[in-house]
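Bear in mind these aren't lab numbers, they're just calculated from the coordinates by the rules spelled out. Remember, it's a predicted structure, so these values are computed and weren't measured experimentally. Cβ atoms come from the backbone with ideal geometry, glycine included; neighbour counts cover every protein chain shown.
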């Protein structure tokens, strides 16, 4: 039987949530997601570990989920390839306690699998460091703001469209909960996300932060890439410089982020003070 295609968009995430809700705590066979984008393993892992959703490995489970180490996360005894090919961006998860003491593990993941030459447009070392810090902030903010126990990540290199996907997920407090608690407002999920996307807005008590989202969205705009954020019943879909905020039906109990780099982009990205003769990425 041909399995349904589940893509890295609002409709795809809504479909995963519908499948989980309809399971009524019964096992969900991994083969049901055979035609799902590999980076969305971060979502399945988050619900498996964070919401105790039983995902069962069956005989029809696709090899791609073994290659990216997701099956090993479901069943640690499973043998997987020790040497991951450069076209595979593995499933990764980290607990809060481990992050506090060993965040080098996250940095290694970002450096070794995400910010590779093959996965990003031409960027200077300074821009690479800015992107690294911005991605790292997604992990740290999850533990600071959402009271989650783990953060989950997975990627995919779409060689057909020449795009690189990175998905980061947590199960915890939503944007709406955090922003409303901080501002004493009654924002909807969509309104809370809109507020959080304003540069400098943050619910951190030391009044610093919010730069990671700004750095990523500005890079995506210039790169003509994509950025999708879902939290609660709200979503932000950004294609290049066009943001679209919307209400969604299925509730996401935490935060989902999908970042897409457009690898067809031939521009060179640098900070404006690095080299004025090259195409500048203005921060």
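Summary of computed values
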item	result
Sequence ranges 237-246, 42-51, 148-157, ranked by mean other-Cβ count within 10 angstrom, highest first	148-157, 42-51, 237-246
Ratio Rg/Rh [Cα only; Rh per Kirkwood] for the range 10-269	0.94
Candidates 234, 172, 200, ranked by Gaussian network fluctuation over the chain, Cα under 10 Å, top entry	200
P(r) weight above 15 Å for the range 211-273, C-alpha pairs, percent	54
Whether the range 113-253 is rounded, prolate or oblate, judged on the alpha carbon gyration tensor where a/c under 1.5 counts as rounded	prolate
Viscosity 0.890 mPa s, temperature 25 °C, Stokes-Einstein D of the range 1-149 from Kirkwood C-alpha radius, µm²/s	145
Size descriptor, Kirkwood hydrodynamic radius, that averages inverse alpha-carbon separations across the range 177-259, Å	13.1
Rg/Rg_ref, the range 1-72, where Rg_ref = 2.2 N^0.38 Å and atoms are Cα	1.00
Helical contribution to [θ] at 222 nm, DSSP H n ≥ 4, -39,500 (n - 2.57), averaged over the chain, rounded to 500	-10000 deg cm²/dmol
